[in-house]
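The numbers here are math on the coordinates, done by the rules we state, and not lab data. Source: prediction; values computed, not measured. With ideal geometry, Cβ positions are generated from the backbone for all residues, glycine too; neighbour counts draw on all protein chains shown.
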2 protein chains.
Amino acid sequence: MRKLTVDQPPAYPVYLGRGLLTQARQDAPPGPKALLYDRAVEGYALKLAEALQIPHRMGVEGGEEAKKLECYGQVLSWLAQQGLPRDGMLYVVGGGTLTDLGGFVASSYLRGIACVSFPTTTLAMVDASVGGKTGINLPEGKNLVGSFYPPKAVYLDLESLSTLPPPLFREGLVEAFKHGIIAADEALMRLESLHPEWPGLEEYLERAVSVKIRVVEADPYEKGERRKLNLGHTLGHALEAATRHTLSHGAAVAYGLLYAALLGKAHGGADLTVSVEGLLRWLEPPPPPPLSWDELWPYMARDKKKLGDSLHWVIPLKPGHLVVQPVAEEVLRWVYAEFLERVSGRP
Amino acid sequence: MRKLTVDQPPAYPVYLGRGLLTQARQDAPPGPKALLYDRAVEGYALKLAEALQIPHRMGVEGGEEAKKLECYGQVLSWLAQQGLPRDGMLYVVGGGTLTDLGGFVASSYLRGIACVSFPTTTLAMVDASVGGKTGINLPEGKNLVGSFYPPKAVYLDLESLSTLPPPLFREGLVEAFKHGIIAADEALMRLESLHPEWPGLEEYLERAVSVKIRVVEADPYEKGERRKLNLGHTLGHALEAATRHTLSHGAAVAYGLLYAALLGKAHGGADLTVSVEGLLRWLEPPPPPPLSWDELWPYMARDKKKLGDSLHWVIPLKPGHLVVQPVAEEVLRWVYAEFLERVSGRP
């Protein structure tokens, strides 16, 4: 087992390893607890509930449905009906949608109760697990409501990945690849061995999470440095939205990384397209929607990141060297044409 | 104009005076703004909107309806539709339900935007304006969801009280009377002159708000000292809930203060019942519901303050000397019998 620390503040530990229920039981404070879990990992969640003797358990369907205001209200009402007190603790087990929802519930129920998180997808482990961002969606857009609310502890239990479907396992590691570009950590960009049972997975995840921890510590409230984590996400979010999320987040971000790599090249940077095309071959995502720039643009203008400002792009000039800036529309269009050529396989 | 400071932290100013729009205009930062207001004070709110040139305005009906999850969602969606950015500012004008709602919206929209509050009732000025508590209701109870989120500034504009119905004007000052007991400030317990046009009102409100500021500064997250502000509220909230809020908050708390005074006497404290009965004569509330202790009790057990603990009572032993502790049920019943006798006018 490895133990990382996020000094956000307040500092909290991130445990990483295979089989962490014993550790979680040792760490558990006395006092009332409730468990919110993703039905997709019910088996793992109930093992936790048993190990920690948590009587109050609520399972919800993961995915964006879980992040609707209605579901937020249902979980809050459930906690109130169970009478979970102010000094109670909410355990959250599931993918990123569950940990986002659970974190916001914990931050607002009785004006804030303690929360412990067990991310159970590679995406949630590498991305959402660290940083204290919580959030739910509005009909107007994703993650428009939420809080910065660090958990008391995070457990990244590789055991909980055993039931994760292989495409989802791969998808989440797109964010790890992205962290490789941000931190110039080439080990994160080598994907061939990645598999739930690979002995190197624990170290790989530690490297990936460590990048996120360093960025978050430098910028806890997303005022500057943290915006680099948005690499690949501006186009990525637009592709997700334009396909009504039939294109997965990982696939959309992988395409977004290719677009970002092309933007970097257009700005005189190193050619990262070869690496990203390697990522795409490994991931084998469905093709992106055949949208023109004019069709895609409205989905970007609605992005939260844009609010209050012209749209900023994270441009990788080389691994470890990224700039965040607006880009002229002509350049964006021209690079998008090149992007479409690459992904359609035509020259 | 007077200027108080709440050192919560972060510190924020509380302006108090008659006609504060000029001050608010001077303080207003550049950048996008939105205005959420109570329709009951639309005239005042629109003057503010004009003075500060706020284009985005949303009026809602005040009262507990405003604190439902549905209304919370509507305000959030409205902000998103207006495209209010992260560095935008939300102005909130209205009674306590509006400032509670608006504060929670501001704390959670885009994970937190700046907020300025204009409480327009005596209750909101004396009670909710300071302390940074925000909140909405669940079907399971009031204020079960919210945050601690200090505003950037608070404006207590006596001009906005001019349209407040006299019963509401008096009601809010029950909290000021309560602050008089907490801080042993007798001036706050002299009610005869209180009137919206009374020249001494500004000083009176300053004294009342100052008590709250001192308590909040000593205990920003309601861990101890701040629980004294709950004086009169345990029975008060139960009376409100049992009458489905046909008994107003001020009237319910006034009755709660009488009950607390009787509890104090029963614990060997000074006799505060004469003062509180003076308050009741001045307030002229409708009679409390003729409920037995057994009928009332379930409404107290559901109170948020109880969660995680046996019910604690704030007991005034004399002005300035309060204890917070559980009370044996026999004592509570016996004092309630005395309470019913007093309020029914029977010996």
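What pairs in B:K3/B:K142; B:K33/B:K212; B:K178/B:K318; A:K68/B:K67; B:K228/B:K318 have C-alpha atoms more than 23 Å from each other? Intermediate values should be presented prior to the final figure.
Details: B:K3/B:K142 32 Å; B:K33/B:K212 29 Å; B:K178/B:K318 12 Å; A:K68/B:K67 18 Å; B:K228/B:K318 13 Å.
Result: B:K3/B:K142; B:K33/B:K212 exceed 23 Å.
Please report, in whole Å³, the volume per residue of the convex hull around the C-alpha atoms of the protein assembly as shown.
Values: hull volume 100.1 nm³, N = 694.
Taking only Cα atoms, the protein assembly as shown has a hull volume of 144 Å³ per residue.
Select from region B:182-235 those GluC sites (Glu not before Pro) which occupy a DSSP coil region and have at most 14 other Cβ atoms within 10 Å, ordered by residue number.
On the way: sites: B:E186, B:E192, B:E197, B:E202, B:E203, B:E206, B:E217, B:E222, B:E225; in loops: B:E192, B:E197, B:E222.
Taking region B:182-235 and a limit of 14 other Cβ atoms within 10 Å, the loop GluC sites (Glu not before Pro) found are B:E192, B:E197.
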Legend entry - Distance from region A:203-258 to region B:85-144 (C-alpha centre basis), Å: 32 Å
Legend entry - Where trypsin sites (Lys or Arg not before Pro) fall in DSSP loop in region B:183-223, at most 16 other Cβ within 10 Å: B:R190, B:K223
Legend entry - Proximal aspartates and glutamates relative to B:K133, as straight alpha-carbon distance under 18 Å, when same-chain residues fewer than 8 apart are discounted: A:D87, B:D7, B:E64, B:D100, B:E175, B:E217, B:D219, B:E222, B:E225, B:D303
Inset, instruction - Could you tell me the distance between the Cα centroids of region B:1-67 and region A:42-82, to the nearest Å? - result: 38 Å
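Which order do A:L317, B:L279, A:L158 fall in if you start with the one that has the fewest other Cβ atoms within 10 Å? If you can, show how the numbers build up before the last one.
Values: A:L317 16, B:L279 23, A:L158 19.
Least crowded to most crowded, the residues run A:L317, A:L158, B:L279.
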Legend entry - Inter-copy label distances at B:E329 (7 Å, Cα→Cβ; nm, one decimal): 7.2
Legend entry - Copy-to-copy label separations for B:H195, where each label sits 7 Å from Cα toward Cβ, in nm and ascending: 8.8
Inset, instruction - Over region B:127-286, consider all pairs of different Cα atoms and compute the Kirkwood hydrodynamic radius from their mean reciprocal separation; express it in Å, one decimal. - result: 16.6 Å
Legend entry - Of B:G94, B:W297, B:A266, farthest towards positive along the dipole that unit charges on Lys, Arg, Asp, Glu beta carbons give chain B: B:G94
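Please identify the DSSP H helices in chain B that span no less than 24 Å along the helix axis (Cα) and have a mean Kyte-Doolittle hydropathy of 0.0 or more.
Numbers: long enough: B:166-183 (26 Å, 0.41); B:201-218 (26 Å, 0.19); B:249-266 (25 Å, 1.07).
Sorted by number, the helices that extend far enough and score high enough are B:166-183, B:201-218, B:249-266.
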Legend entry - Selection from B:L173, A:P220, A:L161, by position along the positive dipole direction of the protein assembly as shown (Cβ): A:P220
Inset, instruction - Starting with the fewest neighbours, write out B:R57, A:R39 ranked by other beta-carbon atoms found within 10 Å of each beta-carbon. - result: A:R39, B:R57
Inset, instruction - May I ask you to report, in nm to one decimal and beginning with the shortest, the distances from A:V274 to the same position in the other copies, taking label points 7 Å along Cα-to-Cβ? - result: 9.5
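How large is the helix-only mean residue ellipticity at 222 nm for chain B, computed as the sum of -39500 (n - 2.57) over DSSP H runs with n ≥ 4, divided by its residue count, in deg cm²/dmol to the nearest 500?
-13500 deg cm²/dmol
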Inset, instruction - Under 1.5 on a/c is rounded, so check that first for region B:197-284, then, if it is not, pick prolate when a/b is larger than b/c and oblate when it is not; a ≥ b ≥ c are the square roots of the alpha carbon gyration tensor eigenvalues. - result: rounded
Legend entry - Exposure proxy ranking, count of Cβ atoms within 10 Å, fewest first, for A:V324, A:V41: A:V324, A:V41
